[in-house]
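The values are calculated or read from the model by the stated rules, or taken from the named source; none is laboratory data. None of these values were measured; they are calculated from a predicted model. Please note: Cβ atoms are built from the backbone with ideal geometry, for glycine as well, and neighbour counts cover all protein chains shown.
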Amino acid sequence: MMQPDVEAMDEDPKEYRWESGYEKTWEAIKEDESGFLEPSITEMIMRAKRRRLLEREASVRLGIMRHLYVIVDMSQAMNEQDLKPTRHLCCLSILNDFIPEFHEQNPISQLGLIITQNKTAKKYSNLSNNPQRHLETVKKLKELSCRGEPSIQNSLEVALASLKHLPPHTSREVLILYAALTTCDPGEIEATLTKVKEANIRVSVVGLAAEIRICKTITKETEGTFVVCLNDVHLKELIMEHLEPPPASKKIDHTLIKVGFPHQINTDAKPALCMCHLEDLPSLNTEGYYCPQCSAKYCDLPAECKVCGLMLVTAPHLARSYRHLFPLQHFTEILLSQSSSKSCYSCYKMFKEIYADKNVFQCPKCNQIFCFDCDIFLHDSVHSCPGCVSNPVISQNYGNVE
Amino acid sequence: MASTSASDSEEGCLLVIILDVHPCLASNEGEAEVYLNTVTAFANLHLASSGANRLAIIAANHAQSCYLYPDQSHEEVERQIDGRLELLSHVDKILHENLKKMMVTTTIFTQSESLIVGALGRALTYVRRIESEDGLNKKINARILVIKVSTDAGGQYLNYVNMYLTAQKMRLPVDMCVIGSDCGLLQQGADITGGLYYKVNSVDKLMQSLMMIFMPNLDSRRRLALPPSGSVDYRAACFCHRSLVDMAHVCSNCLSVYCKAVPLCSTCNALFGMEMPIRKPPKKKKND
């Protein structure tokens, strides 16, 4: 999960980044026999990409039903221009990408936004599974000016107040985007930390400036992560890492949740208003999804029925989350010369005698050979192996497992 | 409108056809011939309609999926036969040869379902490769067309959804043309990816629907009166009886779907707490 440059820090919690030894990064790049630098760099890029995949380990129980509060620091420190155009705008534009992606990858999870500035914290958008509302909030926040000092304690208290009443089977998380180097708290933050820990909330911090001891302590105590970004690209990577559901805490209870699979068309439906946009007075029509319990109409799913409280989802929504639970196995890296195949099984790319094709990848189940790009693509977005599903024996067994 | 058609002919369109060649086609010999001729004609039509159009055909039967065209073992240049465009006769020849090869290698069939989903996965990676090879300056306007004849077993639901979600992310429409019986799984796919779904009653009518419905590109489709998509059934099948349910209980840990409240999740072995919404009378609760 960590980037290579912060790995050292995590292995040795005592040592801060600025205390560690001087790294000679340029020495990792070596010339090959003919004096080219490119193969070495290609290899480093490929390794970095694959490492990220390999580190993603599944099979542990995951907190699939996430309730995440994103706390955004909107203090004076956000006006700094080390991230372009400013830290403030950079963060918000990343959140703009993060929010829809979060809802897409975690369909039955909820998100909320809390802002801290002027020594106070305020909830700007409540926990909900409607990305549109959050995006509107983010738009509003772009207009808001960054003032005063932030307060970690106040913002955690705000998050705590709403997270602690959630049912016990949910994964409660807080993600703090923190730019300031100080926090202005009304009382003892340790007391809040104990409460947060008791409520089983996982706090992660993405720092925009530097490591701060209090953030490190909080994340350590609550089993979250603490990382500091190098630049805007890195910041985006760090925030996007929180798209994947975290391992479930041991204290999480398991329950059965009642859900409904709405019908898209109701044959004897009368034109009706959809329940999600009642305030905007939508036009009457019969299109939409009908709650199987109370026949209330919704124009978009997933939603929680406002009338009977039933959670409304569709089968693809559930299947979207299954990929976190049944991930694609890692492919083994083999030399091209060892494989008999001349082209990538999946994209039909002919392997050439160039450096990028030196290593190919083999699925351990179906033994088909894939090129590097397909390996990354299949693990990153498809999550199914075309070789396995094209094999009648494997695909049938696979189907039975689920 | 003139401007769009001009830009389209410059950019061309990559069509990936996923062709179901399940042996059940052979039960009626004339039908198989019509079917394959239709698809070949459609492929020719696509290539002939614009010089910039590109084509790939992936076949799937019960035992494997296989690239029919392009075939990298063939060299592209061939002599003109009967004054036909070289490319078209080349396509015909390759399709014929590769289909023959595929038929010979496959064994007796026991499954009623073709491995369409495998071919779909290969199509996605193919499109991704062409996209990355072409670079950023060129739009390739890719789309996938699935032509399916075999019946559907529904055992590979998760894999299908994985493919659909990837296609949706790539903004790649997947058109579905089924022959014979309706297929809910493919219908969902068309709905998710923004493609078209259409059921053809018999093989004789395939050519007409391919030309009228699946030939136009995405821009022209907006101006056409296409058959309505109808409602899509998004219900899930419960893990215990594999029957479609309206309301169900879902395990909070692994999202397994159960049609009735169960004390233990059979997928992840999680024991459920008893404060769940129970419809059973309290007496029975003790026995559980």
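Here are a few things to note about the model shown:
- Within the stretch B:50-67, residues that are assigned to a loop (DSSP other than H, G, I, E, B) reach partners that are aromatic (Phe, Trp, Tyr) with beta carbons closer than 7 Å, at six or more positions or on different chains, in the pairs B:His62/B:Phe109.
- Looking only at residues in the stretch B:215-244 that are surrounded by fewer than 20 Cβ atoms within 10 Å (Cβ to Cβ) and aliphatic (A, V, I, L, M), the one that is farthest from the other protein chains (Cβ to nearest Cβ) is B:Met215.
- Those residues of the stretch B:120-135 which are more than 7 Å from chain A (Cβ to nearest Cβ) and surrounded by 24 or more Cβ atoms within 10 Å (Cβ to Cβ), in sequence order: B:Leu120, B:Ala123
- Any chance B:Leu95 is more than 10 Å from chain A (Cβ to nearest Cβ) and either modelled with pLDDT of 85 or more or within 26 Å of B:Lys148 (Cβ to Cβ) (or both): yes
- Those residues of the stretch B:181-202 which are out of contact with any strand residue (DSSP E or B) (no Cβ under 8 Å at 6 or more places or on another chain), closer than 14 Å to B:Gln168 by Cα and within 13 Å of chain A (Cβ to nearest Cβ), in sequence order: B:Gln188, B:Ile192
- Only one of the listed residues (A:Phe372, A:Phe331) is closer than 26 Å to B:Ala56 by Cβ, in contact with an Asp or Glu (Cβ under 6 Å, 6 or more places away or on another chain) and either more than 7 Å from chain B (Cβ to nearest Cβ) or at pLDDT below 80 (or both). That residue is A:Phe331.
- Qualifying positions in the stretch A:215-251 - of a type in the set (D, E, K, R) and within 25 Å of A:Cys90 (Cα to Cα): A:Lys216, A:Asp232, A:Lys236, A:Glu237, A:Glu241, A:Glu244
- Residue within the stretch B:79-87 that is surrounded by fewer than 18 Cβ atoms within 10 Å (Cβ to Cβ) and modelled with pLDDT of 80 or more present: yes
- Here the condition is being free of Cβ contacts under 8 Å to residues at least 24 places away in the same chain and either more than 14 Å from every other protein chain (Cβ to nearest Cβ) or at positive phi (or both); of B:Lys138, B:Lys169, B:Lys205, B:Lys148, it holds for B:Lys205 alone.
- In the stretch B:13-24, the residues that are outside the structural domain of B:Asn37 (by TED's automatic domain parsing) and in a loop (DSSP other than H, G, I, E, B) never reach a residue that is crowded, with 22+ Cβ neighbours inside 10 Å and modelled with pLDDT of 90 or more with C-beta atoms less than 7 angstrom apart, at least six apart or across chains.
- Subset of the stretch B:127-147 (residues that are within 17 Å of A:Phe377 (Cα to Cα), at pLDDT below 85 and either outside the structural domain of B:Ile213 (by TED's automatic domain parsing) or aliphatic (A, V, I, L, M) (or both)): none
- Within the stretch A:354-370, being surrounded by fewer than 16 Cβ atoms within 10 Å (Cβ to Cβ) and in a loop (DSSP other than H, G, I, E, B) holds for A:Ile354, A:Pro364, A:Asn367.
- Test: A:Leu336 is more than 7 Å from chain B (Cβ to nearest Cβ) and either of a type in the set (Phe, Trp, Tyr) or under 29 Å from A:Phe261 (Cβ atoms) (or both): no
- The set of residues from the stretch B:20-68 being crowded, with 21+ Cβ neighbours inside 10 Å, within 14 Å of chain A (Cβ to nearest Cβ), closer than 18 Å to B:Tyr126 by Cα and touching a Leu at 6+ places or on another chain (Cβ under 8 Å) comprises B:Ala56, B:Ile57, B:Ile58, B:Ala59, B:Ala60, B:Ser65, B:Leu68.
- Some residue of the stretch A:131-149 being modelled with pLDDT of 90 or more and touching a Lys or Arg at 6+ places or on another chain (Cβ under 8 Å): yes
- Residues being among the aromatic types (Phe, Trp, Tyr) and at pLDDT below 85 are represented in the stretch B:216-239 by at least one member.
- For the condition crowded, with 20+ Cβ neighbours inside 10 Å, more than 12 Å from every other protein chain (Cβ to nearest Cβ) and over 22 Å from the mean Cα position of the chain (by Cα), A:Lys297 qualifies.
- Flag for A:Phe351 being touching a helix residue (DSSP H, G or I) at 6+ places or on another chain (Cβ under 8 Å) and either away from every other protein chain (no Cβ under 12 Å) or surrounded by fewer than 17 Cβ atoms within 10 Å (Cβ to Cβ) (or both): no
- Residue check for A:Asp300: acidic (Asp, Glu), farther than 21 Å from A:His103 by Cβ and part of a loop (DSSP other than H, G, I, E, B): no
- Members of the stretch B:245-258 found to be at the interface with chain A (Cβ under 7 Å from one of its Cβ atoms) and assigned to a loop (DSSP other than H, G, I, E, B), listed by number: B:Asp246, B:Ser252, B:Asn253, B:Cys254, B:Leu255
- Residue check for A:His277: modelled with pLDDT under 85 and closer than 30 Å to B:Ser231 by Cβ: yes
- For A:Ser341, the stated conditions do not hold, so it cannot be described as part of a helix (DSSP H, G or I), more than 30 Å from A:Ala199 (Cα to Cα) and not assigned by TED's automatic domain parsing to the domain that holds A:Gln132.
- In the stretch B:218-240, the residues that are in the same structural domain as B:Lys260 (by TED's automatic domain parsing) form no Cβ pair under 6 Å with any partner that is basic (Lys, Arg) and assigned to a loop (DSSP other than H, G, I, E, B), whether six or more places apart or across chains.
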